[in-house]
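Reading through the structure tokens given below for one structure.
The values are calculated or read from the model by the stated rules, or taken from the named source; none is laboratory data. Keep in mind that this is a model prediction, so the values were computed, not measured. Because the Cβ atoms are built from the backbone with ideal geometry, glycine has one as well, and the counts that use them run over all protein chains shown.
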Number of protein chains: 6
Amino acid sequence: MNKTIQSGIGKSALQLVLANSHEIEDTKTRVIESDYSFCTGKTGSMDMQKVVSAIETAAKRNEIIDETLYREMHALYHAILEALEGVTRGQVLLGDVMRTVGLRFSVVRGRPYENEAEGEWIAVALYGTIGAPIRGLEHETTGLGINHI
Amino acid sequence: MNKTIQSGIGKSALQLVLANSHEIEDTKTRVIESDYSFCTGKTGSMDMQKVVSAIETAAKRNEIIDETLYREMHALYHAILEALEGVTRGQVLLGDVMRTVGLRFSVVRGRPYENEAEGEWIAVALYGTIGAPIRGLEHETTGLGINHI
Amino acid sequence: MNKTIQSGIGKSALQLVLANSHEIEDTKTRVIESDYSFCTGKTGSMDMQKVVSAIETAAKRNEIIDETLYREMHALYHAILEALEGVTRGQVLLGDVMRTVGLRFSVVRGRPYENEAEGEWIAVALYGTIGAPIRGLEHETTGLGINHI
Amino acid sequence: MNKTIQSGIGKSALQLVLANSHEIEDTKTRVIESDYSFCTGKTGSMDMQKVVSAIETAAKRNEIIDETLYREMHALYHAILEALEGVTRGQVLLGDVMRTVGLRFSVVRGRPYENEAEGEWIAVALYGTIGAPIRGLEHETTGLGINHI
Amino acid sequence: MNKTIQSGIGKSALQLVLANSHEIEDTKTRVIESDYSFCTGKTGSMDMQKVVSAIETAAKRNEIIDETLYREMHALYHAILEALEGVTRGQVLLGDVMRTVGLRFSVVRGRPYENEAEGEWIAVALYGTIGAPIRGLEHETTGLGINHI
Amino acid sequence: MNKTIQSGIGKSALQLVLANSHEIEDTKTRVIESDYSFCTGKTGSMDMQKVVSAIETAAKRNEIIDETLYREMHALYHAILEALEGVTRGQVLLGDVMRTVGLRFSVVRGRPYENEAEGEWIAVALYGTIGAPIRGLEHETTGLGINHI
Ligand SMILES: [Mg+2]
Ligand SMILES: [Mg+2]
Ligand SMILES: [Mg+2]
Ligand SMILES: [Mg+2]
Ligand SMILES: [Mg+2]
Ligand SMILES: [Mg+2]
């Protein structure tokens, strides 16, 4: 079985943000069974800085990453930025181009490769809506960033 | 119920590419129940043109879009490009920067908004791996593009 | 006659922003004769959000688009963003990189294709100056975005 | 009179590519009266390199720039790239993302500022169509690049 | 001897920002011997506008460029922006994506080509750190922009 | 002493590509004294894939990275891409936009932080020329990418 695709760290992260309310417990159980640690949360803003900050804070508070180590923060940061590329699709801008997001996020950490020497990786998944700062004038958006840690 | 998030066109598209083999039939049934039409497929290449072409061809052959109408092709094209931004995260390049993708794709068409006047929309979801052109030197990647049609 | 090029929606939008004062009435007449509806305006700012907002507000007030329909706002929004790519040429940023714009804009709506089934499209044209926030330290800039509606 | 806007080098370049066949002679006369030198041409390709090359070759052959001086070639090159940002709106790619262009181009050289010390500048304007490599599946596009020389 | 590489304007600019304290005088002497004029400085901010402004101000105060001529300001501005692309590697954003820089900068002006007709060029070099707004959570970064003046 | 800046991994990488022939041995000695391992090389092409490949191959052959571990290849790959952003300043394209590079490169591996727990990092530095595919029509360019390994 190819773990990367069957129960990959990225797929796990995506399933955590895509799960509807009645599916969320099953999804969390499956991710834990894959030996991944994770946290989830919500963030909404026209200010990209707040989105980045919300994800970093959640990952630190839930001890998914060790905030005293720059290498862990660096791995997380680039995974967040890569996920935001998918959300923004071209220019990593929100309020500056008059749009806002409402996002669920997940940060997943673990060993997605069978070779133990590949070590730990981190995945950041985002799913929600992007659009004008007027309720309903929005469509779905997603993003996934993956990095070695 | 907020259809956009609960059974949104984007979420449907993502679930179609994320489903493992034993989940695929259930997922398809749910998408059909949401009154969306769709197609799915696979494409793998170092050549971005082949990826774009594979998705366009599948959408035409499965009559998800009417290839004789430019407005439909235009809607699909921009949805594909937006999905590729998520996959490539910065520069929409594959072989030129020495990387290759192996992707499942879905194209979903339908009415994601309760207001009938919002009409039809299209979603393109991509999920798979991106990495060096050497088996195993790759990680997961995803992208979602959404457009009115 | 190939309407797309001879009296295209994009060319019409560009001519509306390029016309000198003695040419503007003739230009408007020609655009009306092509069965396009349109509005024009001016905006100047170091704040990209104000530029986007000025164009959206003008298009809504002049009923070029129906602001209660997201599909129309979505079509307009992406046309604006594409036009701004031409104005900024690389990074859709103004004040953040210490530059300001003074722009005339036009929003044109209509049927640029002979095939009726192609339906309505929208064009956003921008023309003016970009440069340092000091009078005279600036050069011309333009941008055009086109979308199906 | 503010020459920059009234008969600016950028506006002149745009008018040369926008002129319909019965307007082209008048437009050229006006540009010559503004003491600008210029050349115009056409290029169509899925290969961006051919587009860049066609414009450079025309500017050299028509002696708009001195090809033995790198500073002139450098000024032209960056003006071309900036114009292509407007044409491509995000990723400066054609065939790689399955699209093609058919463009008219102009290269205009002269003194757009009243202060003689501002010296010579160059403008590159592009106007035409971009779309799928199938006739008719295309919409208009434009771009303008300006540089000191 | 190929001056471009041996004592190029870009290499000179980079050496000025890379020199450790005991090397700085020697480096300045070498740059002066190459007949370049230059200035150096430091800037640190989460606000990109302040970084651009600090470099422009230093270049004006030290009379590396003539601030009354737009062509000189334009040459400097684009050289700064190109240097910032190297520093930010993808999106020219700092605080918006929750990061800050501490940079040394140099602006060098002179004749890097043996052919006198190539005239004057300008180089902007940046070197320092980029990272989270927390001391130590940062790594090195550099950028170089070059333009004819 | 702040190792990051005084004898940082990025500064070391840059000095290796900037050193003139009579300085190269001293520079290598200093880098070795900082306990970094490294390799250097040259690559020139209009084809970005060849540039990426030349750097990857040198890093593998000189055992700077372990090519059997994807985490090491992944760290190197993103460092290369970040360095190329500095070289290309906007669009990571060479021949497609009619330009070529002649580059010296270095790959440096080691522990740039005093805290042992920060582990190993990798730096990729590039320095050389970029320009038209005609000898002499080129200017200097540089780029630096840094990643945890
Ligand atoms: Mg990666
Ligand atoms: Mg959209
Ligand atoms: Mg389009
Ligand atoms: Mg400019
Ligand atoms: Mg250049
Ligand atoms: Mg980094």
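Considering only residues that are acidic (D, E) and either touching an Asp or Glu at 6+ places or on another chain (Cβ under 6 Å) or on the phi < 0 side of the Ramachandran plot (or both), which ones fall in the stretch D:50-68? Talk me through it step by step, then tell me what you get.
To start, the set of residues in the stretch D:50-68 that are acidic (D, E) comprises D:56, D:63, D:66-67.
Within the stretch D:50-68, D:E56, D:D66, D:E67 qualify.
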For this session: Please specify each residue of the stretch D:5-31 satisfying the condition of being at the interface with chain C (Cβ under 9 Å from one of its Cβ atoms) and of a type in the set (D, E, K, R).
Result: D:K11
Problem set entry | Whichever residue in the stretch F:48-67 is under 14 Å from F:I149 (Cα atoms) and of a type in the set (V, I, T) and, among such residues, is nearest to the other protein chains (Cβ to nearest Cβ) | F:I65
Problem set entry | strands (runs of 3 or more DSSP E) wholly inside the stretch C:34-149 that include at least 1 residues being away from ligand 3 (no atom under 16 Å from the Cβ) and of a type in the set (G, A, S) | C:37-45, C:100-110, C:121-131
Exercise. Can you tell me how many residues in the stretch E:101-149 are away from ligand 5 (no atom under 16 Å from the Cβ), more than 25 Å from F:E82 (Cα to Cα) and among the hydroxyl-bearing types (S, T, Y)?
Worked result: 0
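Residue by residue, here is whether (1) modelled with pLDDT under 95; (2) over 15 Å from C:N20 (Cβ atoms); (3) polar (S, T, N, Q) holds:
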residue: D:Q6; (1), (2), (3): yes, no, yes
residue: D:I32; (1), (2), (3): no, yes, no
residue: D:G44; (1), (2), (3): no, yes, no
residue: D:N62; (1), (2), (3): no, yes, yes
For this session: Kindly indicate which of C:G90, C:G136, C:G86 is modelled with pLDDT under 95, closer than 30 Å to F:R89 by Cβ and facing another protein chain (nearest Cβ under 7 Å).
Result: C:G136
Exercise. Could you list, in sequence order, the residues of the stretch E:97-117 that are of a type in the set (K, R) and closer than 30 Å to A:H74 by Cβ?
Worked result: E:R99, E:R104
Exercise. Is one or more of the residues making up the stretch E:22-39 β-branched (V, I, T), crowded, with 16+ Cβ neighbours inside 10 Å and under 25 Å from F:L84 (Cα atoms)?
Worked result: no
Exercise. Can you name the residue in the stretch E:119-133 that is surrounded by 24 or more Cβ atoms within 10 Å (Cβ to Cβ) and within 14 Å of chain D (Cβ to nearest Cβ) and is also farthest from ligand 2 (Cβ to nearest atom) among such residues?
Worked result: E:W121
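Which residue is nearest to ligand 4 (Cβ to nearest atom), if the candidates are limited to the stretch B:90-110 and must be of a type in the set (D, E, K, R) and in contact with a Gly (Cβ under 7 Å, 6 or more places away or on another chain)? Break it down into steps so the answer makes sense when it comes.
So the first thing to find is which residues in the stretch B:90-110 are of a type in the set (D, E, K, R), and the list is B:96, B:99, B:104, B:109.
Checking which are in contact with a Gly (Cβ under 7 Å, 6 or more places away or on another chain) leaves us with B:99, B:104.
On the way: B:R99: 33, B:R104: 43 Å.
Looking at residues that are of a type in the set (D, E, K, R) and in contact with a Gly (Cβ under 7 Å, 6 or more places away or on another chain), I get B:R99.
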Seminar exercise, completed: Checked against (1) surrounded by 19 or more Cβ atoms within 10 Å (Cβ to Cβ); (2) without any contact (Cβ under 8 Å) to a residue 60 or more places away in the chain; (3) among the β-branched types (V, I, T); (4) within 30 Å of E:E120 (Cα to Cα), D:T57 satisfies every condition except (1)
Exercise. Would you pick out the residues in the stretch E:101-139 that are out of contact with any strand residue (DSSP E or B) (no Cβ under 6 Å at 6 or more places or on another chain) and within 13 Å of ligand 6 (Cβ to nearest atom)?
Worked result: E:A132
Problem set entry | Contacts under 7 angstrom Cβ, first residue in the stretch B:138-149 being without any contact (Cβ under 8 Å) to a residue 12 or more places away in the chain, partner hydroxyl-bearing (S, T, Y), 6 or more apart | B:H139/B:T129
For this session: Exactly one condition in (1) polar (S, T, N, Q); (2) away from chain A (no Cβ under 11 Å); (3) buried (at least 21 other Cβ atoms within 10 Å of the Cβ) is not met by B:T100; state its number.
Result: (3)
